[in-house]
1. Run the numbers for ARG296 and MET15: contour at 0.36 nm per residue of separation, minus the present Cα-Cα distance, in nm.
2. Given springs between every Cα pair under 10 Å in a Gaussian network model of the chain, which of GLY58, GLY186, GLY285 has the largest fluctuation?
3. ALA319 versus ILE303, label points 7 Å from Cα toward the beta carbon: distance in nm?
4. Beyond a 31 Å Cα-Cα separation, which of these cross-linked pairs lie in this structure: LYS160/LYS329; LYS55/LYS127; LYS55/LYS329; LYS67/LYS329; LYS67/LYS295?
5. Fewest to most neighbouring Cβ within 10 Å: what's the order for MET15, MET39?
6. Please compute the net charge surrounding MET335, taking Lys and Arg as +1 and Asp and Glu as -1 over other residues with Cβ under 9 Å from its Cβ.
7. Hey, any idea what Rg/Rh is for the stretch 3-132, computing Rh the Kirkwood way over Cα pairs?
8. Using helices alone, what [θ] at 222 nm do you get for the chain, with -39,500 (n - 2.57) per DSSP H run of 4 or more residues, divided over all residues and rounded to the nearest 500?
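Any read-out appearing in this document is the output of simple, stated calculations on the displayed coordinates, not a laboratory observation. Please read these numbers as outputs of a predicted model, since none were measured by experiment. Every residue, glycine as well, gets a Cβ built from its backbone with ideal geometry; the counts of neighbours run over all protein chains shown.
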Amino acid sequence: MKAYVFTRYQHIEPMQYDTPAPPEEHALIKLTHCGISQMDVDTYLGREQKVVPPKVLGSEICGTVIKINSSDTLDKLEGVNVAVDPVISCGYCNECVAGNGNHCENIEVIGFTCDGGFAEYVIVPVKNIYPLPDIGDMECFTLAGALASAIHLDSTVRLKKGGQCVILGSRPFEILCGLVLLRRSGVSVIIIDDNLFRLNIAQSLGLTCIYLSGGTLNNMVDESYFENDKRVDTVIIGSSQIQNSLYLGIELVRPRGHILFTRNIRNDECLESVSILEKELVITGVNLYMKEDFKRSIDDIAIHADNYSSLITHRLPFAGISSGLQILKTVSECMQVILVN
Ligand SMILES: [Zn+2]
């Protein structure tokens, strides 16, 4: 089988391996689609250094079950199209027993700690495969992990009925967060970014968007969108690409409001502790999702497939993985890039 291996920063090399046989309670999946996530891009570029090369990246996996090795009578799944939940929690550590599988002490993530989907085949635990409903094209299910994370984020956001929330960033994950939050009754969600292409897609999905065109905070934001003295209850800080996004977020949030991080803070950024103290802000983060969130995400994508498909802007063959990573790095007119077999 062919695999596209991350060998060092900015290098993905095609390699030939024997197709592996699945160990006990595992399945061999033939890839049909694999999304390229922001984590893949950050790893490839060296911004994220947790992945130890050589490794096959790719966590947004859809494919067909070729072989199952299980004591259960799961043979009937052979030939079935599935999405793969990349998060493998052990089920027996203290956090897993407490119901916090996303904080598992022995967590593995397919495509990061073990080989993933930038390949012809991938081996995954049987418990991580989800048969897909027959809705025609499977490609939108590559967003299942990102949507599951958005569903988990929704469960942590402190936002009352009638509250206002700002999301800084308009990449697929931020848009999915916006769509999930918008389902709460009476809540308004505003996406702020400096990428007009992505904002247009967000707007077509029903989200209120503000184009950030540089300059100082005072002229960054059209104040007519904001109620409550131009302050919002919750700010979700997603994009690292928006200049001064931390500063903007702290400025926009009301006293005792909630700031939620979905990414690491870069070394050249700093949290403004004076404002945090004066405003008595609540600051939290989110990490991955719970197992049931992934199942909910599959069900949700099956119902709203057209919406989710509109986030996919580029479809490339698996051999085009390096181009896909470069597109995500350099092309502004780009949202979700997937590999198609
Ligand atoms: Zn565990």
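1. Extending this stretch completely gives an extra 97.6 nm.
2. GLY186
3. Spacing of the two 7 Å Cα→Cβ label points: 4.2 nm.
4. Beyond 31 Å: LYS160/LYS329; LYS67/LYS329.
5. Lowest to highest Cβ neighbour count: MET15, MET39.
6. Net local charge, MET335 excluded: +1.
7. 0.98
8. Calculated from helices alone, the mean residue ellipticity at 222 nm is -7000 deg cm²/dmol.
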